[in-house]
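Right, one structure below, let's go through it.
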Amino acid sequence: MKENNFPNIHRACKKKTIAFSFLNKKNVSLAVFIFLLYSCSKDLYEDNINNPSNIFNSFWEEVDRNYSFFTYLDLDWDSIYYTNLEKININTSDSVLYNTFCGMLNCFNDAHLNIYSSFGTGGNISYFSQFQSNQIDDIESYFSIYSSVNKCLQYGFIENTNLGYIRIKTFEGETSLFEKMDSVVDLLKNTKGIIIDIRGNKGGLISNANLCMQNFVDSTTSAFQYRYRDGKEHEDFSKWEDYRLKQSNKTYYSNNIAILTNRMTYSASEWFVAMSKALPNFTTIGDTTGGGSGIPLLRELPNGWILRISNSQLKLPDGNDFQFTGLYPDIPLWITTEESNNNIDEILERAISLLNY
Amino acid sequence: MHITKVYIILFIFLSIERITAQENKSKYEILLTPGINFCALRNESINDYTYTGYIPSIVFGINIHSYNTSYFHIEFSGNYGKLHPLYINNTLYSYNYMKYKYISVLFQYFKETFSFSKNSKLYLGITYSPYYTVYSQYYSNILYSSATGYRKFYTKNIFNLSPSLSFKQNWEKCHFTINAYFNFFNYASYPDDNYIKQLEDAKSSTQYHWYTPKEYNMLNISLAFYRKLTKYSSLFTTLHFNNKTIQYKTDIRNQRIAFYFGISKQF
């Protein structure tokens, strides 16, 4: 037995020798070298997501780098940084950080500038409450037929007239919802005129606004121009790009159209109004629109909160942007409190009388 | 714009090297190195997160040294993979990942123009170095209903021709090379923020331009050091920098296994 064990021990020793043969000085040095490099490299990508100062700096830089209307405002963003930096330290809680961000964003009075956090949405959230609504809740008494197509679109026929009515409640949603616009216009194609009510429509996707406009375009038309923030400086922008309305193979409606607007007509809805300005048969009636021409950009902060920032400028054919000012209607009109209490929609009535001449 | 890219280890599964060398005849080397690359990326144009993951990579190179003192170098390299963010609270995202794609080709031709000594020579030549890099972040953040989409960031250079200069110093067990080339006639597309956002109607289109040398303003300098450690192992270190990027790479090779470590930072 002993004799038989010797070769096994010898073999085991030999295996061990082979197994550890790579542990020579050079290979150990090599392994140590790689380990050191790995350790150094880790510092390069170590995140500090729980560091409030890091999050604060990132927040400030994202706004500084991407916001497109600094040149329109008399606002010292650097000074706002230093004022608020004093509140931030390593022990700053998330709620304090969130409230600080909300306060900083409120300085802009731009409803496209918001922070989305686990505490909710903040920054300019009371923007619309400063305006009169110029809209009544129940307008169905004006119609002989009134129907909802989906959650975004409603249509009807104005009683005792040959006028159609379309209400677009929002431009937020899937494209398929707005493709129904073609069917609605087809139903109203024999009317003398159409009233498109976008009061209270706070926007959504510009592509959906464009989709809804296609039934009223018979040739390619340049509506306005837009450009994006593109660089570190507040004046850095891309080249102006034409925003074109294109002819489609949908039902074309050529009669007169009135668009009803109020201060809650914002963002993509205002783009819809701006597109209509390029077409000869549109008239806008109501209040000035909300004044948000910028296309919002979403950015992520290091802690996962979302920051929404206006990132573009727009130039109407007259050379002006409607950011902050809104689009002034062709026929300005407001609903008085008395009219509102009596369920009289003065703006709708004026549109009816305009189209039903 | 800051991009930090860290290559920790490249483990090469296969390395084919073929060298022929005879007196007064040309010599060529072929190198094929597919591998798995542990990659850590942070692109501040996209967001503040660091994305990591193991991604496949390949480097294919050919060196041809002519007996009449000129040499030709071709190198193709590419990475493609999916990376995931570090330290991000999963409760904030339904999904969040980055697809990273990198392809580069390098053609260099050099001709010996001056010899300081037998082991110390100066070459003049030309370089053609197109590349294509795309970072695409796909994400869905649950804090905001519209925060679903993707961001895209890229740099592309389709055509360039660059006058080049090379200095080589050979010792018995090590070589030292300095390469410099200045980009001329660039047909390229640099990203601006139009291309990275997830906005509706924001076209993710490529806009190429011819850049004059002054506009492109890209002077590339590479320092390379090679040392034979043992009969079968070697160390190869390169430092490459230009006006926008600095890259460091060390390659320690033992027979057919190699370890890479690299860092690149874009300004």
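The values are calculated or read from the model by the stated rules, or taken from the named source; none is laboratory data. Small disclaimer: the values here were computed from a predicted structure and weren't measured. Note: ideal-geometry Cβ built from the backbone for every residue, glycine included; neighbour counts use all protein chains shown. Quick note on the areas: whole protein, heavy atoms, side chains included, nothing else; ligands and nucleic acids left out. Shrake-Rupley method; radii C 1.70, N 1.55, O 1.52, S 1.80 Å.
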**Request:** List, in order, the whole-Hz ³J(HN,Hα) value for each residue of the stretch B:237-244 obtained from phi through the Karplus relation with A = 6.51, B = -1.76, C = 1.60 and θ = phi - 60°; use x for Gly and Pro.
**Result:** 10, 10, 10, 10, 8, 9, 5, 10
**Complete:** Per the charge dipole of the stretch B:59-199 (beta-carbon charges, Lys/Arg positive, Asp/Glu negative, Cα centre), the residue among B:Tyr132, B:Phe184, B:Phe116 reaching farthest to the positive end is B:Tyr132
**Message:** Counting only protein heavy atoms and a 1.4 Å probe, tell me what percentage of the stretch A:128-229's accessible area is made up of carbon and sulfur.
**Reply:** 41
**Complete:** Counting only protein heavy atoms and rolling a 1.4 Å probe, one gets per residue an accessible area for the stretch B:76-167 in Å² of 46
**Prompt:** In nm, to one decimal, how far is the modelled label at A:Phe119 from the one at A:Trp240, with both set 7 Å along Cα→Cβ?
**Reply:** 4.2
**Message:** Give the B-A buried accessible area in Å², both sides summed, 1.4 Å probe, nearest 100.
**Reply:** 3900
**Request:** Convert each backbone phi in the stretch A:303-308 into a coupling constant with the Karplus relation 6.51 cos²θ - 1.76 cosθ + 1.60 (shift: θ = phi - 60°), then list the ³J(HN,Hα) values in order as whole Hz, x for Gly and Pro.
**Result:** 8, x, 5, 9, 10, 10
**Fill in**
Here FRET efficiency (C-beta to C-beta, B:Glu172 to A:Leu85, R₀ 56 Å, nearest 0.05) is 0.45
**Request:** At most 15 other Cβ atoms within 10 Å plus a DSSP loop assignment makes a site exposed; report the longest stretch of chain A without any exposed GluC sites (Glu not before Pro).
**Result:** A:236-357
**Message:** For Cα pairs less than 8 Å apart in space and 6+ apart in sequence, what is the mean separation divided by the residue count of chain A, i.e. the relative contact order in percent?
**Reply:** 17
**Complete:** Counting only DSSP loop positions in the stretch A:213-304, the trypsin sites (Lys or Arg not before Pro) whose Cβ has at most 12 other Cβ atoms within 10 Å are A:Lys232, A:Lys239, A:Lys246
**Request:** Measure up A:Lys192/A:Lys246; A:Lys246/B:Lys152; B:Lys168/B:Lys231; A:Lys180/A:Lys250; B:Lys118/B:Lys249; B:Lys173/B:Lys231 against 20 Å on the Cα-Cα distance and list the ones that go over.
**Result:** A:Lys192/A:Lys246; A:Lys246/B:Lys152; B:Lys168/B:Lys231; B:Lys118/B:Lys249
**Asked** Which whole-Hz couplings ³J(HN,Hα) result when phi for each residue of the stretch A:94-111 is put into the Karplus expression 6.51 cos²θ - 1.76 cosθ + 1.60, θ = phi - 60°, listed in order with x for Gly and Pro?
**Response** 4, 5, 5, 4, 4, 5, 4, 4, 4, x, 5, 6, 4, 4, 8, 6, 10, 5
